[in-house]
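Below is one structure, written out as structure tokens, with a few remarks after it.
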Amino acid sequence: MNISPRSPSRPQWAPDTWLARWARGLMCLACLLASGVGLAEVPPQSVFNPRPAAGDLILPMPDGAEMVFRRVSVPGQGFWGDRDRVIQIGDASGGIFEGLQRTQISGSFARDDGSWYLVLGKYELTRAQYIAVMGLDTLLETSGDPQAREIPQLRGRELREALMQPLAYVSHQDIQAFLRAYNRWLFDPDHPERRAQLPQVDGVPGFLRLPTEEEWEYVARGGMPALEAGTFNDRLPFPSRQVNDHAWHLENARHELRPVGLREADGLGFHDLLGNVQEMTSGLFRPEIWQGKPGGVAVRGGSVSTPASELRTSLRAELDIYAWNADAQQVEERRSFNTGARLAIGANVLVSSAQQARIEREYEAYREDLRRTMPVGRTLDNLVAQASVQLGTVDPILDRLMAENPNLAEPLKAVQAQMDRARERLELAQRESARSLAQDAARNGVNLSVYLSRLARLDDTLARARRLAEISTRYQEQVDAVERSMRDLEVAAGEQLRGYQDKVAELGDYEPQYIEHAFQVLDAAELPPRERQVMGVLRGHVEAFSEQRRSDPEAWMQDFRESFEDFQDD
């Protein structure tokens, strides 16, 4: 297979003549269409950017083709970020490979203000873009698509639609070859202008790659605007009734791929993230994104063969890179009619010694404060749990040493006894820590319930005061005083809820036996009626967090309101 981006053996209809003439003609028409008022900040329309929008990042390709990207902000400041970068992905009601998970989303590039962002292709990779880099004869050699054979004979609208369809029927290895060739073309030392628009890290330009699953799902869910609006955990990034406006799926496409950009963009300006072709990512497919047996390539987004009811941002599938052909009794590179790709721009973590020194300095503060609250820190920096695991690795070593050195059996047994006592102390420490967390969370819950009860009473008082103020203005001072008291109580209730959330999240990371032991101990104690009622609410919230791995402060606040609506202290 010839992967040279500038093959001298191309026929006369190859991209350096045929595609270039086609693109130039359509781009002239597009410029006329895009010359209207109000598009000053929007790039010109082109066949490679049929739905231009402000903020588009456009990279050149051979023969006048283009690749369009969008920048997507991630929360937090600095290289290591903060707690806001911890997001929930997956869908508890989805398939078995879509379980809820907490992960940390990070960007590849930083702005001057310290914020970070990732970069993802606005559209799926098209046939025309592949041809621009690899050549039409390479597409015909590698593609398993019978319709691709017709491209040299097509003209006009049929040719445009064929070339603007997403690239499919190629293998994962073919995509990697394309990425290598495109990167080499961009970084040609004789043409520094080609990489001028690439985002940089300390003056070092990024490079083209496939997106990670975390990047893909973060963007598909709507990024920071969705996090701020509270819609990030929704099944779709748009109302389900609008699925036909945004996605090509089984019911409206019937297994037939469509040119990119025909459906409406999502809130971040991306097209066809859901539907059309399912998109390869950079990672091997695991049953869960963070763990499990590694298999083929993870593909995301569903396709023209996915029923609309099954489209969701968490949808994952496995593309078997090497597929077993039972009829031929041989392994083949998988080429799927509904599988394609969308590019991302990434960067190396370390690009210079000065940048590495900055990262190392930031890490000290991050390790002391933030890391223990991040998903990785929940396990790796839980010192008690870590010590317990490490002690468990000592037993087989001691057994082997005693078998190999009978004369050391007695002293080694003494060591083993010490290890057993250390394990018992660690067990007690985890039990006590879980109990203490449950007790502290209950205190927050009691305070929260008291404030909510007071707010409910003040609601009635405020209603009466407002009725009196309508009769006489001398009661307005009473209205103002009640409103001030309510604002103060709302602030105090919010503080207690935040403390409650933190402790529930910390307790929810313990093993189930320690959580159960904590509640058994507290249930056996002499508790006032209010605290006992709080314990019932708390148990439900801890169980929900352990299962779903996320807090739900609004729902939890409502649980407290309902539980203590008519509560009367003895």
**Message:** So, residue 443, is that one in a helix (DSSP H, G or I) and closer than 25 Å to residue 565 by Cα or not?
**Reply:** yes
**Complete:** Counted residues in segment 111-140 being within 18 Å of the chain's Cα centre (by Cα) and open to solvent by 10 Å² or more (accessible area, probe 1.4 Å) come to 3
**Message:** Among the residues that make up segment 168-179, is at least one of them in contact with a Phe, Trp or Tyr (Cβ under 6 Å, 6 or more places away or on another chain), open to solvent by 50 Å² or more (accessible area, probe 1.4 Å), touching a residue at least 40 places away in the same chain (Cβ under 8 Å) and not hydrophobic (A, V, I, L, M, F, W, C)?
**Reply:** yes
**Prompt:** Looking at 468, 462, which is the one that is open to solvent by 50 Å² or more (accessible area, probe 1.4 Å) and either modelled with pLDDT under 90 or outside any helix (DSSP H, G or I) (or both)?
**Reply:** 468
**Prompt:** Taking only pairs six or more apart or across chains, which ones have beta-carbon atoms under 7 Å, a first residue in segment 341-354 that is within 23 Å of residue 318 (Cβ to Cβ), and a second residue that is among the basic types (Lys, Arg) and open to solvent by 10 Å² or more (accessible area, probe 1.4 Å)?
**Reply:** 344/209; 346/209
**Message:** Could you tell me how many of the residues in segment 141-165 are surrounded by 14 or more Cβ atoms within 10 Å (Cβ to Cβ) and free of Cβ contacts under 8 Å to residues at least 12 places away in the same chain?
**Reply:** 1
**Message:** Cβ-Cβ under 8 Å, sequence separation 6+ or interchain: first residue in segment 526-539 and under 21 Å from residue 501 (Cβ atoms), partner open to solvent by 50 Å² or more (accessible area, probe 1.4 Å). Which pairs?
**Reply:** 530/569; 535/523; 537/559
**Asked** Of the conditions (1) in a loop (DSSP other than H, G, I, E, B); (2) without any contact (Cβ under 8 Å) to a residue 24 or more places away in the chain; (3) not acidic (Asp, Glu), residue 331 fails just one. Which one is it?
**Response** (1)
**Asked** Mind checking which pairs have a first residue in segment 181-197 that is on the phi > 0 side of the Ramachandran plot and a second that is open to solvent by less than 70 Å² (accessible area, probe 1.4 Å) and among the acidic types (Asp, Glu), Cβ under 8 Å, 6 or more apart or different chains?
**Response** none
**Request:** Say whether the condition of being part of a loop (DSSP other than H, G, I, E, B), modelled with pLDDT of 90 or more and open to solvent by less than 50 Å² (accessible area, probe 1.4 Å) is met by at least one residue in segment 364-376.
**Result:** no
**Request:** Please work out if residue 440 is closer than 30 Å to residue 546 by Cα and open to solvent by 40 Å² or more (accessible area, probe 1.4 Å).
**Result:** yes
**Item:** Selected residue (criterion: farthest from residue 437 (Cα to Cα)) from residues of segment 479-518 that are under 36 Å from the mean Cα position of the chain (by Cα) and β-branched (Val, Ile, Thr)
**Value:** 491
**Tabulated pairs, segment 274-294, first on the phi > 0 side of the Ramachandran plot, second open to solvent by 40 Å² or more (accessible area, probe 1.4 Å) and basic (Lys, Arg), C-beta under 6 angstrom, 6+ apart or interchain** = 292/286
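The values are calculated or read from the model by the stated rules, or taken from the named source; none is laboratory data. Since the structure is predicted, the reported quantities are computational estimates derived from the model, not experimental observations. When we count neighbours, we look across all protein chains shown, and the Cβ atoms used for this are built from the backbone with ideal geometry, even at glycine. Accessible surface areas use protein heavy atoms only, side chains included; no ligands, DNA or RNA. Shrake-Rupley method; radii C 1.70, N 1.55, O 1.52, S 1.80 Å.
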